[in-house]
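Enquirer: A single structure is presented below for examination.
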Amino acid sequence: QVQLVESGGGLAQAGDSLRLSCAASGRTFSPAYMAWFQQAPGKEREFVAVIRRIDGYIRYSDSVKGRFTISRDNAKNTVYLQMNSLKPEDTAEYYCAATLRQFVVPPRGRHDFDYWGQGTQVTVSS
């Protein structure tokens, strides 16, 4: 019965900002890690950012470091992705992911995550 629901995507111009949200259902669902991935048409789903539930430890992909910020509200079982200084190459479907597995090293691979949202589209024009 666990569901992840993304929201906040849309159309933006280069340099603009968007904030994505991912709300996790399930009263007892407490994933060790939650993450964001992006997937453009014809490309693999790629890691964007991950955050650890217990202490908020964060890792980013090099492409978004310094521009995007991942955060979480454990009480609301929600993770966010604040996207600043958007570029056309950020255009993709953005997916929220979660895993209950307590990896020692924060996971980055799509196969490390067991729960996925339906995705929210982000389109950035130049």
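Enquirer: Look at Thr28 and say whether it is over 19 Å from Gly119 (Cβ atoms), hydroxyl-bearing (Ser, Thr, Tyr) and modelled with pLDDT under 95.
Expert: yes
Enquirer: Still on this structure, I have one more. Give the residues of region 74-107 that are among the small types (Gly, Ala, Ser), crowded, with 20+ Cβ neighbours inside 10 Å and either at pLDDT below 95 or closer than 15 Å to Ser7 by Cα (or both), sorted by residue number.
Expert: Ala92, Ala97
Enquirer: A further question on this structure: Say whether the condition of being acidic (Asp, Glu) and either closer than 20 Å to Gln3 by Cα or touching a helix residue (DSSP H, G or I) at 6+ places or on another chain (Cβ under 7 Å) (or both) is met by at least one residue in region 61-69.
Expert: For region 61-69, residues acidic (Asp, Glu) and either closer than 20 Å to Gln3 by Cα or touching a helix residue (DSSP H, G or I) at 6+ places or on another chain (Cβ under 7 Å) (or both): absent.
Enquirer: While we're looking at this one, here's another question. List, please: which pairs have Cβ atoms under 8 Å, are six or more places apart or on different chains, and start with a residue in region 48-71 that is assigned to a loop (DSSP other than H, G, I, E, B) and end with one that is of a type in the set (D, E, K, R) and open to solvent by less than 60 Å² (accessible area, probe 1.4 Å)?
Expert: Partner pairs satisfying both residue conditions: Val64/Asp90.
Enquirer: Going through region 108-122 one residue at a time, which ones are part of a strand (DSSP E or B) and either charged (D, E, K, R) or open to solvent by 50 Å² or more (accessible area, probe 1.4 Å) (or both)?
Expert: Tyr115, Trp116, Gln121
Enquirer: Related question: Does Phe37 fit the bill of being more than 17 Å from Val2 (Cβ to Cβ), modelled with pLDDT of 95 or more and buried (at least 20 other Cβ atoms within 10 Å of the Cβ)?
Expert: For Phe37, the condition - more than 17 Å from Val2 (Cβ to Cβ), modelled with pLDDT of 95 or more and buried (at least 20 other Cβ atoms within 10 Å of the Cβ) - is met.
Enquirer: Next up: Give me the strands (runs of 3 or more DSSP E) completely within region 1-43, filtered to those with at least 2 residues that are touching a Pro at 6+ places or on another chain (Cβ under 6 Å), ordered by residue number.
Expert: none
Enquirer: On to the next question. Could you pull out the residue among Ser21, Ser71 that is under 22 Å from Gly9 (Cα atoms) and surrounded by fewer than 15 Cβ atoms within 10 Å (Cβ to Cβ)?
Expert: Within the list Ser21, Ser71, the selection yields Ser71.
The values are calculated or read from the model by the stated rules, or taken from the named source; none is laboratory data. Worth saying up front: this structure is predicted, and the values here are computed from it rather than measured. A quick note on method: Cβ atoms are made from the backbone with ideal geometry, for glycine too, and the neighbour counts reach across all protein chains shown. Surface accessibility is based on the protein's heavy atoms, side chains included, excluding ligands, DNA and RNA. Shrake-Rupley method; radii C 1.70, N 1.55, O 1.52, S 1.80 Å.
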